[in-house]
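To keep things clear, I will list the structure first and then write my remarks on it.
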Amino acid sequence: MNFPSLHDLEHHGEFLERHIGLNEEARQEMLKQLGVDSLEALIADTVPANILRKSDMDLSEPTTERDTLAYLKDIASRNEIFQSYIGMGYHDTITPNVILRNVLENPGWYTAYTPYQPEIAQGRLEGLLNFQQAITDLTGMELANASMLDEATAAAEAMSMSKRVARKNKSNVYFIDADTHPQTISVIKTRAEHFGFEVVVGDAETDLENLECFGALVSYPTSTGRVLDLKKITDAAHANDALVTVAADILSLVLLEAPGKLGADIVIGSAQRFGVPMGFGGPHAAFFAFRDAYKRASAGRIIGVSVDAKGRQAFRMAMQTREQHIRREKANSNICTSQVLLALMAGFYAVYHGAEGLKRIATRVNRVTDLMALALEQHSDFVLRHSNWFDTITIETGDKTDEVYQAALEQRINVRKLDGAIGLSFNEKTTLADLDVLVSCFIGDDKDVDWAELDAQLMSQGSLGLSAVNTRDDDILTHDVFKRYRSETEMLRYLARLEKRDIALNHSMIALGSCTMKLNATVEMIPVTWPEFGALHPFAPLEQAEGYLKLFEELEHMLCEATGYDNVSLQPNAGSQGEYAGLIAIKKYHESRGDFQRDVCLIPSSAHGTNPASAQMVNMRVVVVACDERGNVDMNDLRAKVEQHSEQLAAIMVTYPSTHGVFEESITELCDLIHEHGGQVYVDGANMNALVGVAAPGHFGGDVSHLNLHKTFCIPHGGGGPGMGPIGVKSHLAPFLPA
């Protein structure tokens, strides 16, 4: 009798067998139907021989699920979770357990596909409609979309929308108030550079009145905490035919006057603090609200309600700018998706708490901020920079800034260090015990603060930070859905009802394949909600993020091995942003060589609409290459276009395998032809899952690719997001990757 080895016994039933569950009998049956006798023969018949990998990927040996989780737990333990008061658009938050367990940790929600077929996505669509309704209520705007990738990208999209709809305004200048989150200013400047816009950063209250610009961005509250007089600012901008975008804190809008009532044209921000963990920076759902007149210029998706032939209501994507709908090379946005899973969480957070719950949370956050401000006022010589605030105060600390900052670090506290000042942003987790420790960093341990006495003082006089600003006097979240589900039991049943109206991978396979789907293994999803990963602020000192840095280093190595590229940037947060970053790298490479005239991007007619949109957004001229009757790139037309534009050729964008799922035989010839004429080859990684371990774009001629991790690896698709779109490049493009 043959007995199995200990190795075989230990690995029986583990990840490789269990993940998909394909047994040998089923494998042989499929091979028989295809007329081949092995997987190797199938690959040999399908993939051109000249692009097959010559060697295996340099990856570590596979491990058991148990060992993998133990290793990830060790990596997670290297992250140090300090109490964070950094703010800057990221706040610690409480995810209601009923939402944590039944949405974020539930494959019925995180494996669902983009709702192209609304009849099998009614649950998600209702959840997104809740999100849109909460945003329109809080912002005071007429419409909101179903979320954006992040706050900074939403701000850049608002700039694009402003230019597109302000047709009478011929200015090329966009204004940003200086007290805006620095990451937002940075993203807008990058986008503006390639659109040819001039960005002016200044004081919105003094500089807008005499400035000719097509749009302006102001924050409400500002990055350092001040609540601006929005009406004065919007009036000044409108007098010059400029549109105003307000970057608003979503929780502050529960108490502050709605920007829409104060003249805002567009309102954007992050929904992160509505129950979504910080996660070292994301992904998080941004919100994007605007006037009804601008809906045709909106990026992303808008969920609407229709009535069917029997008079019943049904939800649908009323507007979307996905591949087949986008304006291709005439587009000023390449956004093709949203952050559905996280927008759903934020929407359900609003549903679960309702107006009363949100007001209680917002008022409490404002109260602890007032208490800290009052304690510093009465027990120290420090001065506050602003006279009003919601949840953020900035303390002028002068030459004691480093001393206070270090004292906070010693107490395992992160604060925002500014030039001669310390910024503090409070959240729904902040307690009086936290304030006790924090205030000691400013005034020492020898003084006691009587918080009860200060609280009584505030109860009698009202909010210290909001005393001189416009606060809301209208009702919010009045729709019935925001009033019904106060108990956990009712909320649980509501979430279950919606889940049953969807098709996700816990119900069946998803045949729709414009984005090739795969199953997220449970072991891959478990670490997502560990606090060691979720509770870390993105601007925490890097020495506190050793675990994340180790994770990034290993992921970059694995992606380089899988793609054949030399360097990887993990920064882009969606495939569309990966395209954008990759094309910018190509553009900057040409400019570094003095080839400023290279601005033509060749794109096959079969390409996803995001390709020409991305090329246009980096100011490249799109030239379409024909495809033959079978959908392959027409090599004769390509040669003609390359010869015609040889001196101006910047790049070609080609999807491989093709959009039709074919491994085109001419791919190496295509790459060689482009390189001979000085261009770069962008291989769209949408179908990278068909290549991993078989062929690598960096080996067969690609210079840069983005990777849709939700298609090829283990990021949850979540009904249309979260997304991540890192890019791999050959070494000559590495200096031009995002910082």
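The values are calculated or read from the model by the stated rules, or taken from the named source; none is laboratory data. Predicted, not measured: the structure shown is a model, and the values here were computed from it. With ideal geometry, Cβ positions are generated from the backbone for all residues, glycine too; neighbour counts draw on all protein chains shown. Side chains included, ligands, DNA and RNA excluded: accessible areas come from the protein's heavy atoms. Shrake-Rupley method; radii C 1.70, N 1.55, O 1.52, S 1.80 Å.
Overview of results
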read-out	value
Breaking point among (1) assigned to a helix (DSSP H, G or I); (2) in contact (Cβ under 8 Å) with a residue 40 or more places away in the chain, for H91	(1)
Residue ID - nearest to S223 (Cα to Cα), chosen from residues in segment 239-282 that are under 23 Å from the mean Cα position of the chain (by Cα) and at pLDDT below 95	G281
Selection from segment 314-341 of residues that are β-branched (V, I, T), closer than 24 Å to D599 by Cα and either at pLDDT 70 or above or in contact with a Pro (Cβ under 8 Å, 6 or more places away or on another chain) (or both)	I335
Matching helices (runs of 4 or more DSSP H) fully within segment 135-242 where at least 1 residues are touching a residue at least 12 places away in the same chain (Cβ under 8 Å), open to solvent by 20 Å² or more (accessible area, probe 1.4 Å) and within 25 Å of L477 (Cβ to Cβ)	151-165, 230-239
Selected residue (criterion: farthest from the chain's Cα centre (by Cα)) from residues of segment 20-74 that are among the basic types (K, R) and open to solvent by 90 Å² or more (accessible area, probe 1.4 Å)	K32
Count of residues meeting criterion [more than 21 Å from E453 (Cβ to Cβ) and part of a helix (DSSP H, G or I)] in segment 360-414	16
Residue under evaluation S306, criteria (1) hydroxyl-bearing (S, T, Y); (2) open to solvent by 10 Å² or more (accessible area, probe 1.4 Å); (3) touching a residue at least 24 places away in the same chain (Cβ under 8 Å), criterion not met	(3)
Positions within segment 723-739 being open to solvent by 10 Å² or more (accessible area, probe 1.4 Å), within 30 Å of L129 (Cβ to Cβ) and of a type outside the set (A, V, I, L, M), in sequence order	G723
Matching residues in segment 121-134 - criterion: being more than 21 Å from the chain's Cα centre (by Cα) and open to solvent by less than 10 Å² (accessible area, probe 1.4 Å)	A121, G123
Count of segment 692-702 residues which are open to solvent by 10 Å² or more (accessible area, probe 1.4 Å), in a loop (DSSP other than H, G, I, E, B) and at negative phi	2
Scan of segment 27-86 for residues that are under 26 Å from E14 (Cα atoms), touching a helix residue (DSSP H, G or I) at 6+ places or on another chain (Cβ under 8 Å) and hydroxyl-bearing (S, T, Y), ordered by number	S38, T63, T64, T68, S77
Selection count where residues are β-branched (V, I, T) and either out of contact with any strand residue (DSSP E or B) (no Cβ under 9 Å at 6 or more places or on another chain) or surrounded by fewer than 24 Cβ atoms within 10 Å (Cβ to Cβ) (or both), scope segment 251-275	1
Any hit, segment 393-400, residues being more than 30 Å from K231 (Cα to Cα) and open to solvent by 80 Å² or more (accessible area, probe 1.4 Å)	yes
